[in-house]
1. Restricting attention to strands (runs of 3 or more DSSP E) lying wholly within segment 12-81, give those where 2 or more residues are crowded, with 17+ Cβ neighbours inside 10 Å, at pLDDT 90 or above and over 21 Å from the mean Cα position of the chain (by Cα).
2. Does residue 184 count as under 20 Å from the mean Cα position of the chain (by Cα), in the same structural domain as residue 160 (by TED's automatic domain parsing), more than 16 Å from residue 93 (Cβ to Cβ) and outside any strand (DSSP E or B)?
3. Going through 238, 197, 144, 233 one at a time, which residue ends up being in a helix (DSSP H, G or I), assigned by TED's automatic domain parsing to the domain that holds residue 132 and closer than 15 Å to residue 115 by Cα?
4. Condition test on residue 98, is it at pLDDT below 90, at negative phi, more than 10 Å from the chain's Cα centre (by Cα) and surrounded by fewer than 20 Cβ atoms within 10 Å (Cβ to Cβ)?
5. Within segment 193-219, work out how many residues are touching a residue at least 12 places away in the same chain (Cβ under 8 Å) and surrounded by fewer than 21 Cβ atoms within 10 Å (Cβ to Cβ).
6. Do we find that residue 179 is touching a helix residue (DSSP H, G or I) at 6+ places or on another chain (Cβ under 9 Å) and crowded, with 22+ Cβ neighbours inside 10 Å in this structure?
7. Any idea which of (1) touching a helix residue (DSSP H, G or I) at 6+ places or on another chain (Cβ under 9 Å); (2) at pLDDT below 90 is the one residue 134 doesn't satisfy?
8. For segment 118-135, does any single residue satisfy the condition of being on the phi > 0 side of the Ramachandran plot and touching a residue at least 12 places away in the same chain (Cβ under 8 Å)?
């Protein structure tokens, strides 16, 4: 089937996150159909890129637009190589919209997992955090579409620091002002998979630090200044993921 004005570069196309990129056709639900027709303003014959949480993407063309939904025709899917570092970022839940900002930026950077931590000095109730998962998922989806990332971060928690540190990774780190600077650590160790925990603005307690040390978790510092939770998380992710590409 020939499509008019078919772009030659997938990077020029609008992007849409979908549940799965499989098969040759895809019928969108009401919310995604509205996004395609009213936000992206696409019509029959026009192209876009679809991608899913598993990291698959494909060029698609709008074939049907009705009041009940939009249908797409999919070309062969492909998988883009993942970041050089598979990063699981655990962070104490920031207040208010700062958590939304953290999800947005960590998604843009390519973090594989975002875990909300309930720490001894946390100030946000875990019950309130649990009610925001749907919003965080929407924020992550929008950030992935805008940043042209393929795949979505896994959003988990709230959980204890101890539980977070049970996830599998080659290296496990904990943010602490007295720790080794993170940037030289990344250069030296060249991690392929990494857990990194950021505590509340009051820091981890002595008991939490001792428990982490007993689990062979290294402490790393990010800056001479004291950073807000979301600033520290984004700074750490940029160091780990950005440098991970250059030293791989």
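The values are calculated or read from the model by the stated rules, or taken from the named source; none is laboratory data. Owing to the predicted nature of the structure, the values given are computational and were not obtained by experimental measurement. Cβ placement follows ideal geometry from the backbone for every residue including glycine, while neighbour counts extend to all protein chains displayed.
1. On the way: elements: 15-17, 25-27, 47-51, 56-66, 69-74.
Here the list reads 47-51, 56-66, 69-74.
2. Working: under 20 Å from the mean Cα position of the chain (by Cα): no; in the same structural domain as residue 160 (by TED's automatic domain parsing): yes; more than 16 Å from residue 93 (Cβ to Cβ): yes; outside any strand (DSSP E or B): yes.
The answer is no for residue 184.
3. Values: 238 fails: closer than 15 Å to residue 115 by Cα; 197 fails: in a helix (DSSP H, G or I); 144 fails: closer than 15 Å to residue 115 by Cα.
Just a single option satisfies the conditions, and that option is 233.
4. Working: at pLDDT below 90: no; at negative phi: yes; more than 10 Å from the chain's Cα centre (by Cα): yes; surrounded by fewer than 20 Cβ atoms within 10 Å (Cβ to Cβ): yes.
Against the criterion (at pLDDT below 90, at negative phi, more than 10 Å from the chain's Cα centre (by Cα) and surrounded by fewer than 20 Cβ atoms within 10 Å (Cβ to Cβ)), residue 98 does not qualify.
5. Initially, segment 193-219 is screened for residues touching a residue at least 12 places away in the same chain (Cβ under 8 Å), giving 193-205, 207-209, 211-212, 215-219.
In the following step, the residues that additionally are surrounded by fewer than 21 Cβ atoms within 10 Å (Cβ to Cβ) were identified as 193, 201-203, 205, 207, 209, 211, 215-219.
Final tally of qualifying residues: 13.
6. Numbers: touching a helix residue (DSSP H, G or I) at 6+ places or on another chain (Cβ under 9 Å): yes; crowded, with 22+ Cβ neighbours inside 10 Å: no.
Answer is no for this residue.
7. Result: residue 134 fails condition (1) only.
8. To start, the set of residues in segment 118-135 that are on the phi > 0 side of the Ramachandran plot comprises none.
Within segment 118-135, not a single residue is on the phi > 0 side of the Ramachandran plot and touching a residue at least 12 places away in the same chain (Cβ under 8 Å).
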